[in-house]
1. Can you give the extra length, in nm with one decimal, that the chain gains between residue 127 and residue 139 once fully stretched, where that is 0.36 nm per residue apart less the Cα-Cα distance?
2. How many nm is it between the label spots at residue 101 and residue 45, if each spot is 7 Å from the Cα in line with the beta carbon?
3. Leaving ligands, DNA and RNA out of it, rank 148, 63 by accessible area with a 1.4 Å probe, largest first.
4. Counting heavy atoms of the protein chains only and a 1.4 Å probe, report the per residue accessible area for the range 64-124 as a whole number of Å².
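The values are calculated or read from the model by the stated rules, or taken from the named source; none is laboratory data. No experiment lies behind these values; they were computed from the predicted model shown. Cβ sites come from the backbone with ideal geometry, for glycine too, and all protein chains shown count toward neighbours. The area values use the complete protein model at the heavy-atom level, side chains included, leaving out ligands, DNA and RNA. Shrake-Rupley method; radii C 1.70, N 1.55, O 1.52, S 1.80 Å.
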Amino acid sequence: MRHRIKMAWLVIAGLFINLTTLAQKAEIGGGLGGMLYKGDVSPSLNPRFYMPAANMFFRYNATRSVSFRGGLAIGGIKGEDRVSRDPLQLARDYSFNSRVSEATIDIQYNFFSYKPQPKVRNWTPYVFGGIGLFSVRNSVVRARGYMTFPIGVGVKYEIKRPWSIGAEFGTRFTNSDYLDGLGDVTYGVTTAKNAQGNPALRDSYTYTGIMVSYTFYKIFCP
């Protein structure tokens, strides 16, 4: 009987250690930042079109160097022809304001070991890449299910266990040409050629943010 009780306690202890180890790898967080559009209306990133955005995420730190993350974000993008020096854009005089929502998963590589150990002050720059889906909504189109391919860089720093802060910049390449409402089909009722988007150029957008996260270094048993 005592042997069985001892074995039961060993099993419980093993499970507790395993759960604690898993908990040390789990992290949740969120942040605030902004989105910036690149496409037919703004062929290069223009800071004057920076729009607010927010995100939340769950990150699983599989090893000291590799993490997996799932995230949600929402924000706005905009552009205006009138600020361009291109005569064709000035003649078109088009502007837009879109709402963008995304769900992504990515893999992150940490350049420095991120160790879930006591008295270790963690920090590391990292790169990431992944895939996701996004929806766009503006005066011309309301669509969902577009593909997005996030890639970017960031840095995270454990300020006081279990809390960390981070900063990140990432570009979202897409399979859509309608973030700005300009595609291979003209917008509105006009049929002017300058009211069409460049079919060879897909729209993209960036997300820049400051984030706060919490790592579950402890688990609580009832």
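1. On the way: separation 12, 0.36 × 12 = 4.32 nm, distance 3.51 nm.
Taking residue 127 through residue 139 to full extension adds about 0.8 nm, to one decimal.
2. My value for the distance between the label points is 2.6 nm.
3. Numbers: 148 0, 63 75 Å².
From most exposed to least exposed: 63, 148.
4. Working: 3540 Å² over 61 residues.
Solvent-accessible surface per residue comes out at 58 Å².
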